[in-house]
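Asker: My questions will all concern the structure given below.
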Amino acid sequence: MTLQELRYIVALADTGHFGQAAEACHVTQSTLSTQLKKLEDYLGLTLFDRSLKRVTPTPTGRAIIASARVIVDEAERIRALARGASEDIMACTLQLGVIPTVGPYYLPHALLTVHKAFPHLKLMLREEITPTLLTSLREGRFDAALLALPIDEEGLEVFPLFREPFVVALPAGNRLVARDQLKVKDLSGENLLLLEEGHCLRDQALDLCGARAGKTDEVQATSLEMLRQMVGMDLGITLLPQLAAENAPRGEKRLLALRPFAPPAPTRTIGLVWRRRSPRSETLQRLAQTLQAELPKGVAPAGAVRRGA
């Protein structure tokens with residue numbers, strides 16, 4: 001059993017396709033297939049189910065691949081430490097996941113900040129909901145993710161970046177528009193419009209005011225933009241993060257109104273999360289520090305760094 005063979009099975013698990021895994025490992029497909037068969041013969045078991053359209057790990061294979069991923073990560077960490085002694089650790093490519101309620105509203109500012117600070121750092125971005133991001137993070141498909149905290153999972157490093165207040169989006173004719181600031185109790189009896197299951201913002205909205213406000217389960221939005229349109233159609237009210245509220249299209253002002261909460265306003269915390277044993281840990285730490293030092297208007301720096309269990 002060799003380190004290269006472990007790299008092959010990790011790549012195959014990530015791609016689900018022999019050709020793509022071989023390309024990722026810079027070998028021919030026949031070489032990868034031969035080495036996989038050799039490893040399976042050595043272990044005395046089948047690691048992948050090849051009968052499906054997407055090659056999928058067997059239950060035992062999934063456990064072995066998880067251990068292989070740790071070994072491959074540690075090997076990459078050794079290489080990164082060696083490179084770091086003579087190279088710029090910020091001159092690399094990072095796979096970064098981001099939740100949809102953060103991506104369109106924070107990333108333009110963040111990307112400009114990163115480009116100015118680290119011109120040779122390349123970020124490959126992908127939006128997914130929190131459960132999918134955490135799975136991809138654990139399985140090594142992402143180097144890090146921008147998530148709403150708290151995240152309580154073993155083996156993760158959590159760097160809180162900023163606290164973002166919520167505002168209330170109201171139909172233009174709603175009774176609450178006359179007030180300059182709102183309290184959670186003011187939302188009693190209003191239809192609370194929510195994102196669909198899987199979005200962390202849905203859970204945050206329910207935790208904050210679900211017990212006081214009614215909620216419309218018949219129609220659930222797939223995005224914040226859809227939520228805003230639903231409010232403009234007078235279907236109910238919703239909560240928006242500050243950055244999303246500030247980026248509302250101009251034409252919406254005649255259809256809906258935005259009102260802040262009275263102090264202390266409820267907030268959410270956004271942080272950068274990565275695997276504690278990631279070979280890119282030092283790079284990600286510096287990236288997080290830079291992002292926290294250059295925040296957009298409307299948000300405040302978050303608290304101290306917290307390590308995962």
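Asker: Could you work out the pair-distance distribution P(r) of segment 32-127 from its alpha-carbon pairs, with 10 angstrom bin width and percents rounded to whole numbers?
Answerer: So the P(r) values, bin by bin, are 12, 26, 25, 26, 10, 0.
Asker: Right, another one. Would you please give the FRET efficiency between Thr222 and Met124, computed as 1/(1 + (r/R0)^6) with r the Cβ-Cβ distance and R0 = 25 Å, to the nearest 0.05?
Answerer: 0.60
Asker: Tell me the mean residue ellipticity at 222 nm calculated for the chain from its helices only (DSSP H runs of n ≥ 4, each -39500 (n - 2.57), averaged over every residue, nearest 500).
Answerer: Roughly -12500 deg cm²/dmol at 222 nm, from the helical runs in the chain.
Asker: Taking only Cα atoms, what is the 0 to 90° angle, nearest 10, from helix 29-43's long axis to the longest principal axis of the chain?
Answerer: 80 degrees
Asker: Compute the relative contact order of segment 3-84 as a whole-number percentage, counting only Cα pairs closer than 8 Å that sit 6 or more residues apart in sequence.
Answerer: Value for segment 3-84: 31 percent.
Asker: Any idea what angle helix 59-84 forms with the longest principal axis of the chain, computed on alpha-carbon atoms, 0 to 90 degrees, nearest 10?
Answerer: Once rounded, one gets 90 degrees.
Asker: Across segment 3-84, what fraction of all alpha-carbon pairs, as a whole percent, falls in each successive 10 Å bin from zero upward?
Answerer: 19, 52, 24, 5, 0
Asker: So, one more: Among the aspartates and glutamates, which have Cα under 15 Å from the Cα of Lys116 when same-chain residues fewer than 8 positions away are ignored?
Answerer: Excluding near neighbours in sequence, the set is Glu294.
Asker: A further question follows. Peptides 139-147, 198-206, 50-58, 16-24: what's the order by average Cβ count within 10 Å, highest mean first?
Answerer: Ranking the peptides 139-147, 198-206, 50-58, 16-24 by packing returns 139-147, 198-206, 16-24, 50-58.
Asker: Please give the net charge around Val55, taking every other residue with its beta carbon less than 11 angstrom from that of Val55, where Lys and Arg add +1 and Asp and Glu add -1.
Answerer: On the way: positive: Arg50, Lys53, Arg54; negative: Asp14, Asp49.
Once all neighbours under 11 Å are counted, the net charge is +1.
Asker: State the answer as a single residue: which of Leu201, Leu147, Leu125 lies farthest towards the positive end of the charge dipole of segment 124-224, with beta carbon charges of +1 for Lys and Arg and -1 for Asp and Glu, about the Cα centre.
Answerer: Positive-end residue among those listed: Leu201.
Asker: Taking 0.36 nm per residue of separation and subtracting the Cα-Cα distance, what length does fully extending Ala293 through Asp49 add?
Answerer: My answer for the length gained is 83.1 nm.
Asker: Could you check how many percent of all C-alpha pairs in the chain are farther apart than 27 Å?
Answerer: The answer is 52 percent, as a whole percent.
All of the numbers you see were taken from the coordinates with simple rules; none came from a lab. Worth saying up front: this structure is predicted, and the values here are computed from it rather than measured. Please note: Cβ atoms are built from the backbone with ideal geometry, for glycine as well, and neighbour counts cover all protein chains shown.
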